[in-house]
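J.: What follows is a structure written as structure tokens; I'll ask about it next.
Taken together, the values in this text are just the output of simple stated rules run on the coordinates, not laboratory data. Just so we're clear, the structure is a prediction, and the values are computed from it rather than from any experiment. Quick reminder, even Gly has a Cβ in these numbers, built from the backbone with ideal geometry, and neighbours come from all protein chains shown.
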Amino acid sequence: MNIILLGPPGAGKGTQSAGLVERHGMRQLSTGDMLRAAVKAGTPVGLKAKEVMERGELVSDEIVSDLIDAELAAMGPETGAIFDGYPRTAPQADALDAILARNGRSLAHVIELEVDEDALVERITGRFSCAKCGALYHDTANPPSNPGVCDSCGSTEFKRRPDDNEETVRMRMQEYRAKTAPILPGYEARGIVSRVDGMAAIDAVADAIDAILRS
Ligand code: AMP
């Protein structure tokens with residue numbers, strides 16, 4: 001089963017993807033994570049993407065679609081894909097259709113995480129992750145149970161994304177409204193869109209997503 005998790009920055013796509021990977025053995029394909037890895041490694045893609053990402057703008061459709069294409073081609077056909085943060089524009093949505101078709105796959109669900117935009121800035125500026133295993137946390141909503149120690153791997157090193165500051169977040173939201181939200185009607189016409197209250201507790205959102213996957 002292949003699904004898209006859609007929603008503005010901070011809606012919980014990464015958190016819910018991690019849960020889906022754990023519960024259902026699906027694979028998370030996050031273009032944001034792939035780009036951050038490329039920036040860290042200093043690859044040509046990373047060099048191109050770094051400043052665009054720091055501004056909160058979108059990197060080129062071709063770069064992200066090529067990343068998704070390569071990852072999907074390397075996946076076994078039995079593993080379901082969770083597209084997290086992709087597609088984000090109409091050309092990317094078209095590219096995804098072509099990539100899926102080439103790989104003999106189809107889209108089962110597009111799940112939109114609906115959120116209150118005013119709460120998003122607080123959500124995003126408070127988030128951090130384990131520097132070692134990547135487990136996701138939030139200063140107030142989801143801190144490690146033992147302060148300063150990762151629940152998953154015991155590491156004491158954490159990191160914050162450079163684009164998780166208020167100014168960049170506002171730009172990322174503007175990009176979402178202008179370029180990403182308009183791809184929803186196309187999926188709606190195909191009858192595959194479901195909406196989930198992304199402001200609910202993490203477990204409640206996960207339950208709602210599982211109910212959609214069973215439907
Ligand atoms: P994310 O981790 O999904 O919030 O993405 C972080 C940043 O990476 C975004 O603000 C964009 O600059 C870039 N990015 C990630 N995915 C895409 C995409 N599908 N299209 C264009 N830019 C992307």
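J.: Mind listing the long-range amide H neighbours of residue 158? Cut-off is under 5 Å, sequence gap 5 or more, other chains count too, H placed in the peptide plane at 1.01 Å from N.
T.: Answer set, sorted by chain and number: 131.
J.: HN-Hα J couplings of the range 128-143 from phi, Karplus 6.51/-1.76/1.60, θ = phi - 60°, integer Hz, Gly and Pro as x?
T.: Rounded to whole hertz, the list is 8, 9, 5, 5, 8, 10, x, 4, 9, 9, 9, 3, 10, 7, 7, x.
J.: Can I ask one more? In square nanometres, what is the average projected area of the Cα convex hull of the chain? The partial results should precede the final answer.
T.: Numbers: hull surface 45.6 nm².
About 11.4 nm², averaged over all directions.
J.: Amide H to amide H, which residues 5 or more places from residue 28 or on other chains are under 5 Å from it, using H placed in the peptide plane?
T.: Under 5 Å from the amide H of residue 28 lie the amide H atoms of 82, each far enough along the sequence or on another chain.
J.: Another one. Please find the FRET efficiency linking residue 178 to residue 22, where r is the Cβ-Cβ separation and R0 is fixed at 45 Å, and quote it to the nearest 0.05. Present the calculation step by step, with values, prior to reporting the outcome.
T.: Numbers: r = 33 Å, r/R0 = 0.74.
For residue 178 and residue 22, the calculated efficiency is 0.85.
J.: Let me ask something else about it. Above 23 Å lies some portion of the pair distances; for the range 126-215, what is it as a whole percent of all C-alpha pairs? Intermediate values should be presented prior to the final figure.
T.: Working: 1927 of 4005 pairs.
Percent of Cα pairs beyond 23 Å in the range 126-215: 48.
J.: Would you mind pulling out the separation of the Cα centroids of the range 91-135 and the range 45-83, in Å?
T.: Cα centroid to Cα centroid, the span is 11 Å.
J.: Take the Cα atoms of the range 65-116, build their convex hull, and give its volume per residue in Å³. Write down the numbers at each step before the final one.
T.: Values: hull volume 4.5 nm³, N = 52.
In the range 65-116, the Cα hull volume divided by residue count equals 86 Å³.
J.: Quick one: which residues, 5+ away or cross-chain, put their amide H under 5 Å from the amide H of residue 6? H built at 1.01 Å from N.
T.: 111, 112, 113
J.: Considering the zone a paramagnetic label at residue 140 would reach in this model (a point 7 Å from Cα along the Cα-to-Cβ line), which residues of the range 88-116 have amide N under 19 Å from it?
T.: The answer is 115-116.
J.: Fewest to most neighbouring Cβ within 10 Å: what's the order for 27, 214?
T.: Details: 27 17, 214 6.
Placing the least packed residue first, the sequence is 214, 27.
J.: Enumerate the calculated ³J(HN,Hα) couplings along the range 42-53 in order (Karplus 6.51 cos²θ - 1.76 cosθ + 1.60, θ = phi - 60°), each rounded to whole Hz, writing x wherever the residue is Gly or Pro.
T.: For the range 42-53, the Karplus-derived couplings read x, 6, x, 4, x, 5, 5, 7, 3, 6, 4, 5 Hz, x marking Gly and Pro.
J.: Looking at the range 1-110, what % of the alpha carbon pairs are farther apart than 25 Å?
T.: Working: 1019 of 5995 pairs.
Distances greater than 25 Å cover 17 percent of the Cα pairs.
J.: So what is Rg over Rh here for the range 116-165, counting just Cα atoms and using Kirkwood for Rh?
T.: On the way: Rg = 11.1 Å, Rh = 11.2 Å.
Expressed as Rg/Rh, it is 0.99.
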